[in-house]
Amino acid sequence: MRLDKLLANMGYGSRKEVKVLLKQKAVTVDGEVVKDSAMHVDPEQQIVSVFGERVEYIEFIYVMMNKPPGVISATEDRQDKTVIDLLDPYIQHFEPFPVGRLDKDTEGLLLITNDGNLAHNLLSPKKHVPKWYYAKIDGVVTEADIEAFAQGVTLDDGYHTKPGELKILASGNESEIELMIQEGKFHQVKRMFEAVGKKVTYLKRLSMGPLQLDEELELGDYRELTKEELTSLLER
């Protein structure tokens with residue numbers, strides 16, 4: 001990797017600003033002062049330092065966010081604030097993206113990373129990654145709904161969903177449920193309930209595969225994954 005690209009990726013400024021650091025003799029590779037910004041280095045084999053402090057190279061970033069309502073799951077948008085806008089500039093520098101989408105008014109677990117292979121594995125229909133949601137429903141959810149979801153329901157566009165696991169937490173004029181699905185169709189949870197004549201009034205994602213939402217995260221807060229969490233995702 002070019003030295004200027006490495007330092008820019010690690011947050012030491014633009015490539016132009018990195019050249020200033022090189023002119024200041026602030027950058028060393030294996031203890032030797034380097035002035036050539038185009039020099040190729042191996043960050044895993046060589047020691048790169050700036051003002052005597054070693055540069056720890058990070059290729060991928062993995063962030064768990066408790067997505068708040070009113071923010072869209074996208075990298076950029078002309079009208080609305082995105083989940084990327086909520087991140088620290090240092091994390092933004094890695095050019096991460098949300099893994100899958102949560103509706104604008106939906107809350108809960110959102111994984112944000114720049115690891116395309118991991119994202120593909122989590123989103124691929126062939127992987128059957130389970131996703132659990134908590135929802136409040138306008139209407140009485142019944143055993144008949146559990147049976148219908150277990151068979152899959154037909155959405156408004158004619159698509160028949162894969163079986164879902166529905167749990168009733170409270171049944172009444174406003175019901176509370178948990179639902180596991182293995183797909184990610186547009187507005188799927190809402191449309192599944194519309195298929196049985198009911199309306200979702202609140203929706204929160206609880207988990208995605210082995211990754212569970214950290215309930216200590218306030219809405220809009222985020223943190224990097226623990227080693228254990230990351231290992232569980234990579235070993236799927």
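Things to note:
- In the stretch 183-236, the residues that are part of a loop (DSSP other than H, G, I, E, B) and without any contact (Cβ under 8 Å) to a residue 24 or more places away in the chain: PHE186, GLU215, GLU216, THR226, GLU235
Conditions tested, residue by residue: (1) in a strand (DSSP E or B); (2) within 18 Å of ILE91 (Cα to Cα); (3) modelled with pLDDT under 95; (4) hydroxyl-bearing (Ser, Thr, Tyr).
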site: THR28; (1), (2), (3), (4): yes, no, no, yes
site: ALA38; (1), (2), (3), (4): no, no, yes, no
site: GLU44; (1), (2), (3), (4): no, no, yes, no
site: SER49; (1), (2), (3), (4): yes, no, no, yes
site: GLU59; (1), (2), (3), (4): no, yes, yes, no
site: MET65; (1), (2), (3), (4): yes, yes, no, no
site: PRO69; (1), (2), (3), (4): no, no, no, no
site: GLU76; (1), (2), (3), (4): no, yes, yes, no
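- Matching residues, the stretch 144-166, being open to solvent by 70 Å² or more (accessible area, probe 1.4 Å), assigned to a helix (DSSP H, G or I) and in contact (Cβ under 8 Å) with a residue 12 or more places away in the chain: GLN151
- Residue count for the stretch 89-103 under the criterion of being touching a strand residue (DSSP E or B) at 6+ places or on another chain (Cβ under 9 Å), at negative phi and either open to solvent by less than 60 Å² (accessible area, probe 1.4 Å) or at pLDDT below 95 (or both): the result is 8.
- Residue within the stretch 45-58 that is more than 30 Å from GLY184 (Cα to Cα), open to solvent by 10 Å² or more (accessible area, probe 1.4 Å), basic (Lys, Arg) and touching a residue at least 24 places away in the same chain (Cβ under 8 Å) present: no
- Of residues in the stretch 23-79 being more than 26 Å from GLU229 (Cβ to Cβ) and hydroxyl-bearing (Ser, Thr, Tyr), the one farthest from the chain's Cα centre (by Cα): THR28
- The residue that is surrounded by the fewest Cβ atoms within 10 Å (Cβ to Cβ), among those in the stretch 78-88 that are under 21 Å from GLY116 (Cα atoms) and of a type in the set (D, E, K, R), is ASP88.
- Residue list for the stretch 198-222, filter: charged (D, E, K, R) and open to solvent by 60 Å² or more (accessible area, probe 1.4 Å): LYS199, GLU215, GLU216, GLU218, ASP221
The values are calculated or read from the model by the stated rules, or taken from the named source; none is laboratory data. Because the structure is predicted, anything quoted here is derived from the model rather than measured. Virtual Cβ from ideal backbone geometry, glycine too; neighbours counted across all protein chains shown. Accessible surface areas use protein heavy atoms only, side chains included; no ligands, DNA or RNA. Shrake-Rupley method; radii C 1.70, N 1.55, O 1.52, S 1.80 Å.
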